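**Student:** My questions will all concern the structure given below.
The values are calculated or read from the model by the stated rules, or taken from the named source; none is laboratory data. Remember, predicted model here, so these are calculated numbers, not experimental data. So basically every Cβ, Gly included, is an ideal-geometry build from the backbone, and we count neighbours across all protein chains shown. Surface areas here come from the heavy atoms of the whole protein model, side chains and all, with no ligands, DNA or RNA. Shrake-Rupley method; radii C 1.70, N 1.55, O 1.52, S 1.80 Å.
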Amino acid sequence: MRRAVATALSLLASAALLVACTAGDSDPWEGQRPQSLTIATGGTSGIYHGYGQALAAQLSDQYGIEVEVLSTGGSVDNLQLVADGTADVAFSAADAVADAVDGEGAFSDPVEVKALARVYDDFAHLVVPADSPVEEITDLRGLRVSVGAPRSGTSLIAGRVLEAAGVPIDDLRVTELGITESIDALEHGSLDAVFWSGGLRTPGIVGLSQDVPVRLIPLGDVVDGLRTQYGHGYRHGVVPEGVYGVADDVETLAVPNVLVVGPDMPDGVAHGLVQTLFETRSEISVLVPSAALLDRSRAIYTEPAELQAGALRYYQEVKS
């Protein structure tokens, strides 16, 4: 009888251990699910903000995590928010990440960040009304141009594009506005052109093109020079015919976007975030089409930021 009881207790203990292990294996947060998170995004008319809101909704609905989505100036702003602990997660263009890691440009000191995933690519937009006399970037001299919000990825790219094209920024009547304010000013005739770096199709520009016909000025000629000088993933990109109502393909500059976190994020939290990002990709892409571009085979290429250890473990698990 004692042997039977001991055997039964042993079986119960084994079963309990099996259940515990199974539960641990199925928990994407590895026992470290956070109660709250803060995501730094961008202007409310851009893709960063929409993507952040959609991801926040999934984290809330599926795991009960309270998520605050910050509307910000963009990449440079976001990296600083992660650095000072205001944001847990942030969207940033890879060129801004490179400056942060190296302590260059807008960053007086190196900023330590880790990456969760390369999510999608930004395309440099130079937007003008369809009836504008501007045909190329050199035609901007003397005109009213928004180069993006201060400390934004757009501002960083606009400055580099103008320099590569041989157009001193002092030759322009410069305004520093975010995407929402830039669109409003262009629509009401108080701007002649708007720089924007964002995914396709940026919601605010889609809305603008439905009210005011627009064109995109080609920027492909500056790409090789920028690659030589900066590297960091700059490449040739194309805005296809029909996007924003444009009549032809437009050659431009493209740069990857990376989802970054601080160096102290627990591995289990990073693992859970990446798993959620991929498992809810279909739901998020209904609201944010660029989310459909998330791809495991490309997501690991987050240079110059290293993959966070928990994120790396996720990619190793799904590959095996």
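**Student:** Return the tail of the calculated pair distribution for region 266-308, meaning the percent of Cα-Cα pairs more than 16 Å apart.
**Tutor:** Values: 407 of 903 pairs.
Summing the P(r) of region 266-308 above 16 Å gives 45 percent of all pairs.
**Student:** In region 267-320, which GluC sites (Glu not before Pro) are in a loop and have at most 15 other Cβ atoms within 10 Å, using DSSP for the loop call? Intermediate results must be reported in sequence, preceding the final value.
**Tutor:** Values: sites: Glu279, Glu283, Glu306, Glu317; in loops: Glu306.
Answer by residue number: Glu306.
**Student:** In the P(r) worked out for region 57-97, what percent of Cα pairs fall beyond 11 Å? Could you put the intermediate results ahead of the total?
**Tutor:** Numbers: 527 of 820 pairs.
Summing the P(r) tail past 11 Å for region 57-97 gives 64 percent.
**Student:** Per residue, how big is the convex hull of region 198-320 when only Cα atoms are used? Give it in Å³. Don't skip to the end; give the middle numbers.
**Tutor:** Numbers: hull volume 16.3 nm³, N = 123.
Considering the Cα atoms of region 198-320, their hull volume per residue is 133 Å³.
**Student:** Taking every Cα atom in region 75-137, find the radius of gyration and the maximum pairwise distance Dmax, and write them in Å.
**Tutor:** 15.6, 46
**Student:** Per-residue counts of other Cβ atoms within 10 Å, averaged by peptide: what ranking do you get for 98-106, 61-69, highest first? Don't jump to the answer; show the numbers that get you there.
**Tutor:** On the way: 98-106: 17.6, 61-69: 15.1.
So the peptides 98-106, 61-69, ranked by packing, come out 98-106, 61-69.
**Student:** How many percent of Cα pairs in region 169-258 exceed 18 Å?
**Tutor:** On the way: 2065 of 4005 pairs.
That tail contains 52 percent of the Cα-Cα pairs.
**Student:** log₁₀ I(q)/I(0) of region 22-109 at q = 0.23 Å⁻¹, via Debye over equal Cα point scatterers, no solvent, to two decimals?
**Tutor:** -1.06
**Student:** Once you treat every alpha carbon in region 125-275 as an equal point and sum by Debye, what is log10 I(q)/I(0) at q = 0.10, 0.16, 0.21 Å⁻¹?
**Tutor:** Evaluating at q = 0.10, 0.16, 0.21 Å⁻¹ gives log10 I(q)/I(0) of -0.38, -0.87, -1.38.
**Student:** While we're on this one: Counting heavy atoms of the protein chains only and a 1.4 Å probe, report the per residue accessible area for the chain as a whole number of Å².
**Tutor:** Working: 14640 Å² over 320 residues.
Here the residues of the chain average 46 Å² of exposed surface.
**Student:** Using 10 Å bins from zero, what percent of all Cα-Cα pairs in the chain falls into each bin?
**Tutor:** Calculated P(r), rounded to whole percents: 6, 26, 31, 19, 9, 4, 2, 2, 1, 0.
**Student:** If one puts a single equal scatterer on every Cα of region 53-173 and applies the Debye formula without solvent, what log₁₀ I(q)/I(0) results at q = 0.21 Å⁻¹?
**Tutor:** Here the Debye-derived log intensity ratios amount to -1.19.
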